[in-house]
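Student: The structure's right below; bear with me while I get my questions together.
The values are calculated or read from the model by the stated rules, or taken from the named source; none is laboratory data. Since the structure is predicted, the reported quantities are computational estimates derived from the model, not experimental observations. Note that we place each Cβ from the backbone using ideal geometry, even for glycine, and neighbour counts take in every protein chain shown. Surface areas here come from the heavy atoms of the whole protein model, side chains and all, with no ligands, DNA or RNA. Shrake-Rupley method; radii C 1.70, N 1.55, O 1.52, S 1.80 Å.
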Amino acid sequence: MKSFPLIALLCAALPAVAADLDYYRDVYPFLKANCISCHNKTTTKADLNMETPELMIKGGETGPAIIPGKGAESLIVTASLHQKDMEMPPPNNKSGAVNLIPEQIATLKLWIDQGAKGSVMEERAVVLQAFSASIDPIYCVAMTKDGRYVACGRSNHIDVYDLATRQFVTHISDPAEKNGASHRALVQSLAFSPDGTRLASGSFREVKIWKLAETKPAASTAKSASSPAGADLLKKIATTGKVTVLSSALSADGKQAVTGCDDGSVRVWDVAAVKPVIELRGSVAAARKMAELEWTIAAQTLEQAFQKSEVARIEAQDKALDVLLGKAKEAIVAMSKVLPEKQKAVPPTTEAKAAAQKAVDEVAAKIKAVPAGKPDAALEKQLKDAQEKFITANMTEVSALAAVNAAQSNVKDAEDDVKRITDSKAVNAKAIAAANAAGAAAKTLQDKATADLAAAKLEQTKGGAKPIAVSFSADSLRVASLFDDGTLRVWAAATGMPVEESSGKTAAITTITSTSDGTFTATKASTQTVGSPPGWALERKIDQKGLFADRVNAVRFSPDGKILATGGGELSRSGDIIFFDAATGKVTQSWKEKHTDTVLCLDYSPDGKRLASGGADKIARVTDVATGKQLNLFEGHTHHVMGVAFRSDGRVLATAGAEGTVVTWDMIIGERKRKIEGWTKEVTSLQFIGATNQIVTSAGDNRIRIVTDDGTEVRAMANLPDYMQAAVCAPNGSAIIGGGEDSMLRIWDGAGKELAVFGGK
């Protein structure tokens with residue numbers, strides 16, 4: 001076969017008439033696929049950035065990559081042809097880049113020959129296709145601050161669940177999207193506002209803010225009253241429970257009964273066994289108050305532990321100072337003993353020096369008196385001997401004085417050490433006193449909260465208003481009772497949590513009806529309706545052109561709920577954090593390129609003054625929100641930082657790494673506190689549980705795991721069916737929620753027992 005020169009092959013690949021080539025249309029696509037992945041803004045191998053013609057002309061370590069008008073001489077062409085001992089892209093590269101084909105090399109050479117002109121990148125609209133039914137992962141989970149509602153992003157839908165009743169509440173839909181979807185693309189991030197009235201969701205190049213809106217019961221909903229329990233059953237209940245039953249009702253399936261008793265309680269019974277299932281007491285306000293007291297107890301427990309550790313740390317420091325103080329005092333005693341002797345040794349040396357000087361002067365005078373100034377050898381030797389004796393005497397005096405000075409200096413240094421150490425111990429004493437006082441104050445607050453909580457619980461057991469009418473909801477998941485003071489109250493049957501109430505005029509109302517949508521209506525002289533299911537309606541869509549470079553991986557409301565922080569950026573290029581006014585959607589701050597790779601997670605400090613962020617650049621940063629000034633840079637991970645979370649007191653930050661570790665950081669000294677291991681795959685999310693030092697995590701090793709910030713494992717829900725992407729926990733630790741690739745939202749109680757599993761579509 002006849003061979004042709006390579007340049008001929010390249011020329012043959014060109015069109016017959018070479019029109020001017022467009023960089024972004026004709027050249028950029030194959031450079032991006034096979035060259036720019038290693039030669040870009042963030043991965044600038046050989047100091048060469050190939051993202052624009054100008055940057056290629058600027059070149060790198062070996063000079064310009066292209067020489068306009070000289071394609072054959074340009075480095076990028078010769079490297080693509082594997083000439084001059086260069087082979088680009090290199091074989092077996094990690095970017096998956098492949099050699100340019102002859103047609104591409106020919107196009108590249110022609111474009112350079114034509115002057116290597118730049119062009120304007122044509123913007124292309126991203127057209128998102130409908131998701132397959134099999135693509136239904138849960139990437140994010142969020143919980144209201146009170147632990148009542150949890151939302152999950154499932155594919156491009158958002159679903160909300162009620163943890164009190166352990167039931168599905170609603171799909172959050174955007175009327176502008178197809179098939180009742182919440183977003184066009186996958187839901188990447190979720191966050192409730194502190195008051196639970198707003199929910200923010202992040203997706204591809206957009207953020208949506210949903211507003212809580214109570215829904216009204218449908219006018220056409222059929223109403224039915226629960227049937228009262230039979231006399232025989234009520235007699236058995238009265239005997240078993242030792243109570244007087246004032247009102248009763250059966251569940252729709254007849255398996256349970258609810259009774260209103262003269263001690264003010266509402267009780268649910270298993271009909272077949274005539275055994276109590278749960279006792280329902282208390283109001284929404286009382287439950288909220290008790291939750292606040294539980295938080296105070298936990299927070300003050302954490303505070304006491306911190307102050308105790310501070311006292312232990314300072315006391316350990318004092319022990320070390322005591323050792324140094326003892327050594328300093330010993331040095332003073334030792335030097336004080338030898339100093340008089342050394343001082344006593346100085347005068348004889350001074351006298352000897354003076355005598356030696358006198359001898360030198362006398363011999364010098366004799367020599368001076370010799371006629372013609374020519375002394376004999378004997379005088380010269382006598383002078384030399386006298387001078388040597390003087391030098392020796394002088395050195396002896398210098399040594400004696402030096403010994404005195406050294407002893408005095410040692411005494412002075414030791415005395416300075418004593419003062420410094422004594423001052424440090426005085427400062428430590430004040431710090432210990434302050435820590436003990438803070439610990440005592442925390443103990444006082446904790447004791448008061450504990451007493452108040454006990455009193456609140458006791459108050460619930462005391463008889464008050466009488467439940468004159470009771471009813472199950474149509475699905476038996478909730479129980480309502482009307483009291484003789486006109487209060488209509490609703491509890492979740494599964495958890496006993498009071499979820500809603502209303503007050504009306506005192507009346508002998510004897511009828512409560514429930515509807516299929518979950519509402520209850522008490523009727524006679526007046527009508528009260530409670531139990532309308534909550535709904536979230538789209539309040540605002542934030543998707544201005546150019547605002548978000550790619551996916552919005554993180555959303556977080558400030559502690560006061562006024563600001564929404566978002567994290568994202570362009571993969572492998574920049575990590576951006578943008579702040580919005582939650583009420584108006586207007587940008588308040590924009591931190592472009594805060595990270596060198598996309599931001600994956602955010603969390604505010606409890607006081608709202610600092611923002612922690614983690615990114616694909618393996619870095620966690622803490623930034624002052626007001627000024628944008630970086631306060632801390634933490635480099636403890638070898639892979640993406642997938643989660644960041646402040647402890648409730650702001651003294652500890654936890655970070656989750658895709659290398660399978662959690663690192664906790666001491667925010668007082670700005671150093672690593674503990675590296676926690678034990679995961680075999682990525683730790684995908686983390687959150688501190690309430691006001692404790694416990695952290696709930698999700699991971700790719702099919703586990704939801706709880707650890708303390710010191711590294712002790714508390715509990716693990718292991719051997720789950722699939723990769724877990726997100727987890728949250730109720731503030732009091734009573735409910736743990738996790739979701740992942742299998743689309744199932746799982747709920748466990750605080751002991752790790754599975755309570756419910758919710759599927760998707």
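Student: With a cut-off of at least 1 residues that are at pLDDT 95 or above and among the basic types (Lys, Arg), name the strands (runs of 3 or more DSSP E) lying wholly within region 718-761. Walk me through how you get there before you give the answer.
Tutor: Working: elements: 724-729, 735-740, 745-749, 754-758.
Correct list: 745-749.
Student: Hey, which of the strands (runs of 3 or more DSSP E) in region 453-547, taking only ones fully inside, have at least 3 residues that are hydrophobic (A, V, I, L, M, F, W, C) and modelled with pLDDT under 85?
Tutor: Per the criteria, no element qualifies.
Student: Now for a different question. May I ask you to verify whether residue 756 is open to solvent by less than 10 Å² (accessible area, probe 1.4 Å) and closer than 20 Å to residue 142 by Cβ?
Tutor: Judged against the criteria, residue 756 is not a match.
Residues checked against (1) touching a Pro at 6+ places or on another chain (Cβ under 6 Å); (2) basic (Lys, Arg); (3) over 30 Å from residue 313 (Cα atoms):
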site	(1), (2), (3)
428	no, no, no
434	no, no, no
461	no, no, yes
473	no, no, yes
483	yes, no, yes
486	no, no, yes
492	no, no, yes
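Student: State all residues of region 77-110 that are buried (at least 20 other Cβ atoms within 10 Å of the Cβ), farther than 12 Å from residue 27 by Cα and of a type in the set (Val, Ile, Thr); if no residue qualifies, say none.
Tutor: 77, the sole residue that qualifies.
Student: Of the numbered conditions (1) open to solvent by 70 Å² or more (accessible area, probe 1.4 Å); (2) under 30 Å from residue 417 (Cβ atoms); (3) of a type in the set (A, V, I, L, M, F, W, C), residue 339 fails exactly one; give the number of that condition.
Tutor: Residue 339 satisfies every listed condition except (1).
Student: Further question: Looking only at residues that are touching a residue at least 12 places away in the same chain (Cβ under 8 Å) and among the acidic types (Asp, Glu) in region 274-309, which one is farthest from residue 438 (Cα to Cα)?
Tutor: Pass one, region 274-309, residues touching a residue at least 12 places away in the same chain (Cβ under 8 Å): 274-284, 286-291, 293-308.
Subset that is among the acidic types (Asp, Glu): 279, 294, 303.
On the way: 279: 39, 294: 20, 303: 8 Å.
Ranking the qualifying residues of region 274-309, first place goes to 279.
Student: Being among the β-branched types (Val, Ile, Thr) and either on the phi > 0 side of the Ramachandran plot or surrounded by fewer than 22 Cβ atoms within 10 Å (Cβ to Cβ) (or both) narrows it down to one of 669, 695, so name that one. Explain how you work it out, then say what you get.
Tutor: Working: 695 fails: either on the phi > 0 side of the Ramachandran plot or surrounded by fewer than 22 Cβ atoms within 10 Å (Cβ to Cβ) (or both).
Being among the β-branched types (Val, Ile, Thr) and either on the phi > 0 side of the Ramachandran plot or surrounded by fewer than 22 Cβ atoms within 10 Å (Cβ to Cβ) (or both) holds for just one of 669, 695, which is 669.
Student: Moving to a separate point now. Step by step: first the residues of region 709-743, then only those that are surrounded by fewer than 16 Cβ atoms within 10 Å (Cβ to Cβ) and among the charged types (D, E, K, R), then the one that is nearest to residue 759 (Cα to Cα). Which residue is that?
Tutor: The extreme case among them is 722.
Student: Select from region 151-161 the residues that are open to solvent by 10 Å² or more (accessible area, probe 1.4 Å) and in contact (Cβ under 8 Å) with a residue 60 or more places away in the chain and list them in ascending order.
Tutor: Step one: of region 151-161, the residues open to solvent by 10 Å² or more (accessible area, probe 1.4 Å) are 156-157.
Residue satisfying the conditions is 157 alone.
Student: Quick check: is even one residue across region 349-356 closer than 23 Å to residue 408 by Cβ, aliphatic (A, V, I, L, M) and at pLDDT 90 or above? Explain how you work it out, then say what you get.
Tutor: First pass over region 349-356, keeping only residues closer than 23 Å to residue 408 by Cβ: 349-353.
Checking which are aliphatic (A, V, I, L, M) leaves us with 352.
Next cut, at pLDDT 90 or above only: 352.
Scanning region 349-356, I find at least one residue that is closer than 23 Å to residue 408 by Cβ, aliphatic (A, V, I, L, M) and at pLDDT 90 or above, so the answer is yes.
Student: Then there is this: Just need a number here: residues in region 550-592 that are of a type in the set (D, E, K, R) and touching a Gly at 6+ places or on another chain (Cβ under 7 Å). Explain how you work it out, then say what you get.
Tutor: First pass over region 550-592, keeping only residues of a type in the set (D, E, K, R): 550-551, 556, 560, 562, 570, 573, 576, 581, 586, 592.
Still in the list and also touching a Gly at 6+ places or on another chain (Cβ under 7 Å): 550-551, 560, 576.
The number of residues fulfilling the criteria is 4.
Student: Right, here's the next one. Is it true that residue 459 is touching a residue at least 40 places away in the same chain (Cβ under 8 Å), more than 21 Å from residue 247 (Cβ to Cβ) and loosely packed, with under 15 Cβ neighbours inside 10 Å? Talk me through it step by step, then tell me what you get.
Tutor: Working: touching a residue at least 40 places away in the same chain (Cβ under 8 Å): yes; more than 21 Å from residue 247 (Cβ to Cβ): yes; loosely packed, with under 15 Cβ neighbours inside 10 Å: yes.
Considered against the rule, which asks whether it is touching a residue at least 40 places away in the same chain (Cβ under 8 Å), more than 21 Å from residue 247 (Cβ to Cβ) and loosely packed, with under 15 Cβ neighbours inside 10 Å, residue 459 comes out as yes.
Student: Sort out which residues of region 596-626 are open to solvent by 30 Å² or more (accessible area, probe 1.4 Å) and within 20 Å of residue 570 (Cα to Cα), and write them in order of number.
Tutor: Step one: of region 596-626, the residues open to solvent by 30 Å² or more (accessible area, probe 1.4 Å) are 596, 600, 606-607, 609-610, 618, 621, 624, 626.
Across region 596-626, the qualifying residues are 596, 600, 618, 621.
Student: Can you name the residue in region 548-577 that is over 14 Å from the mean Cα position of the chain (by Cα) and over 29 Å from residue 38 (Cβ atoms) and, of all such residues, is most open to solvent (accessible area, probe 1.4 Å)? Step through it out loud before you land on a result.
Tutor: As a first pass, look at region 548-577 and keep what is over 14 Å from the mean Cα position of the chain (by Cα): 548-552, 559-564, 568-577.
Filter once more, so that each one left must be over 29 Å from residue 38 (Cβ atoms): 559-564.
Values: 559: 57, 560: 99, 561: 16, 562: 133, 563: 43, 564: 0 Å².
Across region 548-577, the extreme among qualifying residues is 562.
Student: Give the residues of region 279-318 that are open to solvent by less than 40 Å² (accessible area, probe 1.4 Å) and either over 30 Å from residue 693 (Cα atoms) or in contact with a strand residue (DSSP E or B) (Cβ under 7 Å, 6 or more places away or on another chain) (or both), sorted by residue number.
Tutor: Correct list: 280, 281, 282, 283, 284, 287.
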